[in-house]
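Below is one structure, written out as structure tokens; the observations come after it.
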Amino acid sequence: MTTKPGFFKRLKALELPQKKLFAVALCQRMYPNYQLFSEVCEFGDPQVLDTVLNLLWQSLYDRKLKLNLELQMAKLEENTPEPPQFDAYGVYPAMDAAVALSSLLGALESKVEDDITNISKLSSGTVAHYIEAIADPELDGEALDEFVFSHEVMQEERELQASLLEIIEENPQITADFVKALRKEIVMNGVSNIGISVQQDA
């Protein structure tokens, strides 16, 4: 995804805990996509994703917390939907939400920081796919690209990621209060990267 000049350079310049916070925040924002799909299609257990998110948020400020990454990744895999098994479009953003969390856990296990920052592209990819799905079928090539990049949902995604990066840059010390406040703001907002709104507990 193209974004404002220097965005990924700035993202990659963050310290590891800051990158992790950025990625966890984006995963939290994708969570309603899974919640709604799970309710509508009666697949999977949103509680599994919610538990992983809670553990990740807590691990940002509780240094004593040890995550069993392999166990959590196995649980996520069991709850990741396969698109060919469903007729509903919602399977794609739901799958992306689960894959984003799995990717983040895998990146933390392998200590590959670029894989953490790639959650940014995964979230933007979910948005692009959604916009393509609602676009006029006759749009293709440059016209489709223009429609995707200029769409208000993509604009909102880019603005949110930019403001999230700015907030994290301005708060290099990852304190419990900062993490809890950021999490509460995202949960209370309750709207996913593609505009899905499902009641969440702050």
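The values are calculated or read from the model by the stated rules, or taken from the named source; none is laboratory data. Bear in mind the structure is a predicted one, so any value in this text is a computation, not a measurement. Neighbour counts are summed over all protein chains in view; Cβ atoms, including those assigned to glycine, are modelled from backbone coordinates with ideal geometry. The protein model used for the area step is the full one, side chains on, heavy atoms only, and it has no ligands, DNA or RNA in it. Shrake-Rupley method; radii C 1.70, N 1.55, O 1.52, S 1.80 Å.
Which residue, A176, A128, A143, tops the fluctuation ranking in a GNM of the chain built on C-alpha contacts under 10 Å?
Checking each option, the largest mean-square fluctuation is seen for A143.
Run down the lysines and flag those whose C-alpha is under 23 Å from the C-alpha of K66, throwing out any fewer than 8 positions away in its chain.
K19, K20, K75, K111, K180, K184
With r defined as the distance between the Cβ atoms of V153 and E42 and R0 fixed at 30 Å, what FRET efficiency is calculated, to the nearest 0.05?
My answer for the efficiency is 0.65.
Take each complete run of DSSP H in the chain, measure how far its Cα atoms stretch along the helix's own axis, and keep only those covering 24 Å or more with mean Kyte-Doolittle hydropathy at least -0.5; list them.
Once both thresholds are applied, what remains is 16-41, 91-110, 113-134, 152-170.
How big is the Kirkwood radius of the range 138-187, worked out from every pair of different alpha carbons and given in Å to one decimal?
13.1 Å
Sorting T126, T80 by accessible area (1.4 Å probe), largest first, what list results?
The ordering from most to least exposed comes out as T80, T126.
Pull out the extension gain between V191 and Q173, defined as 0.36 nm times the separation in residues minus the alpha carbon to alpha carbon distance; nm, one decimal.
3.8 nm
For A88 and K180, what does the FRET efficiency come to when R0 = 30 Å and r is the distance between their Cβ atoms, rounded to the nearest 0.05?
Working from the Cβ atoms, E equals 0.30.
At R0 = 41 Å, how high is the FRET efficiency between Q58 and D145 if r is their beta carbon distance? Nearest 0.05 is fine.
E between Q58 and D145, to the nearest 0.05, is 0.55.
Tell me the carbon and sulfur percent of the accessible area for the range 68-202, rounded to whole percent, probe radius 1.4 Å.
Of all accessible area on the range 68-202, carbon and sulfur atoms account for 48 percent.
When the Cα centres of the range 24-58 and the range 114-143 are compared, how far apart do they sit, in Å?
20 Å
Given only helices, namely DSSP H runs of n ≥ 4 each adding -39500 (n - 2.57), what is the per-residue ellipticity at 222 nm of the chain, to the nearest 500 deg cm²/dmol?
-23000 deg cm²/dmol
Just the number please: accessible area per residue for the range 155-202, 1.4 Å probe, all protein chains included, in Å².
For the range 155-202, the solvent-accessible area averages 58 Å² per residue.
DSSP loop (so not H, G, I, E, B), at most 16 other Cβ within 10 Å: list which trypsin sites (Lys or Arg not before Pro) in the range 49-138 pass both filters.
For trypsin sites (Lys or Arg not before Pro) across the range 49-138 that sit outside H, G, I, E and B with at most 16 neighbouring Cβ atoms in 10 Å, the list reads R63, K64, K66, K111.
I'd like to check one number: the per residue accessible area of the range 12-117, probe 1.4 Å, reported in Å² as a whole number.
With all protein chains present, the range 12-117 gives 46 Å² per residue.
Looking only at Cα atoms, what is the convex hull volume of the range 61-202 per residue, in Å³?
151 Å³
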